[in-house]
Amino acid sequence: MSTEFENLGKLEREARAVLEAAGNTQALTEARARFLGRKGSLSSLLRRIGELDATERVRVGQAVNTSKQRIEAWFQERRRALEEQAQSHALDRYGLDVTLPGVAPPRGHLHPVTLIEREMTEFFSSLGFSIELGPEVETEYNNFEALNFPADHPSRDLQDTFFVEGGHVLRTHTSPVQIRAMTGRQPPFRFIALGRVYRHDNDATHYPMFHQIEGFLVDERVTFGDLKGVLYAFARHLMGPEVQVRFRAHFFPFTEPSAEMDFSWQGGWLEWGGCGMIHPRVLENCGIDSERYQGFAFGMGIDRTAMLRFGIPHIHLLFDGDVRVLEQI
Ligand code: PHE
């Protein structure tokens, strides 16, 4: 039998010496590869084991495997030693204990209003509504005139408008997006618009900036019944299957007939928003034939829903950005 196979003991001793001499992990990995790797000494020996006769083969095969295990064990031992060395080195030099658990950075989350907005958007997307956007600094025309508020009508003041120079306002509602979305297009329409709106109003339930969602649908043969069906489904989606919705006759310049909606909440009613059939004049202002097409529209605050859902008692808590509050959501 070839002496190479007899010299396993010598190979082992050599391997041990090389592993012990390795001064860092890279050298150690290279040392291991030299003996145990696919092209290492022991693997080449094993590959040539066929040169031996059958009984020898078994004996030598076992011997080579035992050597492999021993060398692997030395390798592991040396690796641990090197790691400990590196660690105590880091400790001495930088006062750094690399084995201490890390500090997990606190993870943020979406704002409650954003969470509710996403939920609302998902609901209306599932009904085939798509999203329209408009600017927060809006023309007086889109915010009022086109929506059938007569010029200089007191209702403009009732909305506590923030006026901006040059015939602009901070939009007081999302309804001007109706004008933007419908002008220059022809029905059928199914749109929602979400965003910030501004009114000069400030107390426990009002903030000068808040969020609304507007929805509108225009087609042939649209009825108030369609509007109620959509709003009932929406309320159930937000508040659960038990929720009741109540419609009260109301007035908006841009819908006729109009209603305010409430939903049931803890044995009472909470004001939810406004709705109605889009006023024919609004459709005409957008270049739509109001004899042929009808539509409904609705608009409601988003912040209220977020407050109810997350048990936030005061609207200011939503926007003050106090981490102690936001962490609880
Ligand atoms: N824009 C109205 C408001 O802000 C709500 C509304 C929207 C009413 C659509 C009717 C139709 O109060």
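The values are calculated or read from the model by the stated rules, or taken from the named source; none is laboratory data. Remember, it's a predicted structure, so these values are computed and weren't measured experimentally. Note: ideal-geometry Cβ built from the backbone for every residue, glycine included; neighbour counts use all protein chains shown.
Given (1) assigned to a helix (DSSP H, G or I); (2) under 30 Å from residue 238 (Cα atoms), identify the lone condition not met by residue 87.
(2)
Within 14 Å of the ligand (Cβ to nearest atom), more than 29 Å from residue 294 (Cβ to Cβ) and either among the aromatic types (Phe, Trp, Tyr) or at pLDDT below 95 (or both): does that describe residue 157?
no
Mind listing just one residue for me: the one in region 307-329 that is in a helix (DSSP H, G or I) and of a type in the set (D, E, K, R) and, of those, modelled with the lowest pLDDT?
If we take residues in region 307-329 being in a helix (DSSP H, G or I) and of a type in the set (D, E, K, R), then 324 is modelled with the lowest pLDDT.
Please work out which one of (1) within 21 Å of residue 211 (Cα to Cα); (2) surrounded by 21 or more Cβ atoms within 10 Å (Cβ to Cβ) is the condition residue 307 fails and give its number.
In the conditions (1) within 21 Å of residue 211 (Cα to Cα); (2) surrounded by 21 or more Cβ atoms within 10 Å (Cβ to Cβ), residue 307 misses (2) alone.
Count, please, the residues in region 147-187 that happen to be assigned to a loop (DSSP other than H, G, I, E, B) and among the basic types (Lys, Arg).
Number of matching residues: 2.
Run down 217, 238 and say which single residue is more than 15 Å from the ligand (Cβ to nearest atom), in contact (Cβ under 8 Å) with a residue 40 or more places away in the chain and either more than 29 Å from the chain's Cα centre (by Cα) or surrounded by 14 or more Cβ atoms within 10 Å (Cβ to Cβ) (or both).
Of 217, 238, the one residue that is more than 15 Å from the ligand (Cβ to nearest atom), in contact (Cβ under 8 Å) with a residue 40 or more places away in the chain and either more than 29 Å from the chain's Cα centre (by Cα) or surrounded by 14 or more Cβ atoms within 10 Å (Cβ to Cβ) (or both) is 238.
Could you tell me whether residue 224 is under 22 Å from residue 123 (Cβ atoms), at pLDDT 95 or above and of a type in the set (Phe, Trp, Tyr)?
Against the criterion (under 22 Å from residue 123 (Cβ atoms), at pLDDT 95 or above and of a type in the set (Phe, Trp, Tyr)), residue 224 qualifies.
State the number of residues belonging to region 125-144 that are under 15 Å from residue 286 (Cβ atoms) and in contact (Cβ under 8 Å) with a residue 40 or more places away in the chain.
2
Of the numbered conditions (1) assigned to a loop (DSSP other than H, G, I, E, B); (2) among the hydrophobic types (A, V, I, L, M, F, W, C); (3) within 15 Å of the ligand (Cβ to nearest atom), residue 243 satisfies every one except a single condition; which is it?
Among (1) assigned to a loop (DSSP other than H, G, I, E, B); (2) among the hydrophobic types (A, V, I, L, M, F, W, C); (3) within 15 Å of the ligand (Cβ to nearest atom), residue 243 violates only (3).
Tell me the residue from 32, 78, 13, 38 that is among the charged types (D, E, K, R), exposed (fewer than 14 other Cβ atoms within 10 Å of the Cβ) and part of a helix (DSSP H, G or I), please.
13 is the lone residue from the list that is among the charged types (D, E, K, R), exposed (fewer than 14 other Cβ atoms within 10 Å of the Cβ) and part of a helix (DSSP H, G or I).
Scan region 246-261 residue by residue and report those that are part of a strand (DSSP E or B), of a type outside the set (S, T, N, Q) and within 14 Å of the ligand (Cβ to nearest atom).
Result: 247, 248, 249, 250, 251, 252, 256, 257, 259, 260, 261.
List the number of the failed condition for residue 261; all other conditions in (1) surrounded by 20 or more Cβ atoms within 10 Å (Cβ to Cβ); (2) within 23 Å of residue 141 (Cα to Cα) hold.
Every listed condition holds for residue 261 apart from (2).
In this structure, does residue 196 turn out to be part of a strand (DSSP E or B) and more than 13 Å from the ligand (Cβ to nearest atom)?
no
When region 220-235 is examined, which residues are found to be closer than 19 Å to residue 270 by Cβ and away from the ligand (no atom under 14 Å from the Cβ)?
232, 233, 235
So residue 211 ticks every box in (1) within 13 Å of the ligand (Cβ to nearest atom); (2) assigned to a strand (DSSP E or B); (3) out of contact with any helix residue (DSSP H, G or I) (no Cβ under 6 Å at 6 or more places or on another chain) but one. Which box is left unticked?
The single condition residue 211 does not satisfy is (3).
Quick one: which residue in 315, 302 is hydrophobic (A, V, I, L, M, F, W, C), within 25 Å of residue 210 (Cβ to Cβ), within 13 Å of the ligand (Cβ to nearest atom) and in contact with a helix residue (DSSP H, G or I) (Cβ under 8 Å, 6 or more places away or on another chain)?
Testing whether each residue is hydrophobic (A, V, I, L, M, F, W, C), within 25 Å of residue 210 (Cβ to Cβ), within 13 Å of the ligand (Cβ to nearest atom) and in contact with a helix residue (DSSP H, G or I) (Cβ under 8 Å, 6 or more places away or on another chain) leaves just 302.
From the list 284, 291, which one is closer than 19 Å to residue 150 by Cβ, more than 14 Å from the ligand (Cβ to nearest atom), loosely packed, with under 15 Cβ neighbours inside 10 Å and not hydroxyl-bearing (Ser, Thr, Tyr)?
Selected residue: 284, the only one of 284, 291 that is closer than 19 Å to residue 150 by Cβ, more than 14 Å from the ligand (Cβ to nearest atom), loosely packed, with under 15 Cβ neighbours inside 10 Å and not hydroxyl-bearing (Ser, Thr, Tyr).
Please go through region 262-283 and pick out each residue that is touching a strand residue (DSSP E or B) at 6+ places or on another chain (Cβ under 7 Å) and assigned to a strand (DSSP E or B).
If the condition is that a residue be touching a strand residue (DSSP E or B) at 6+ places or on another chain (Cβ under 7 Å) and assigned to a strand (DSSP E or B), then 262, 263, 269, 270, 271, 272, 273, 274, 275, 276, 277, 278 are the ones that fit.
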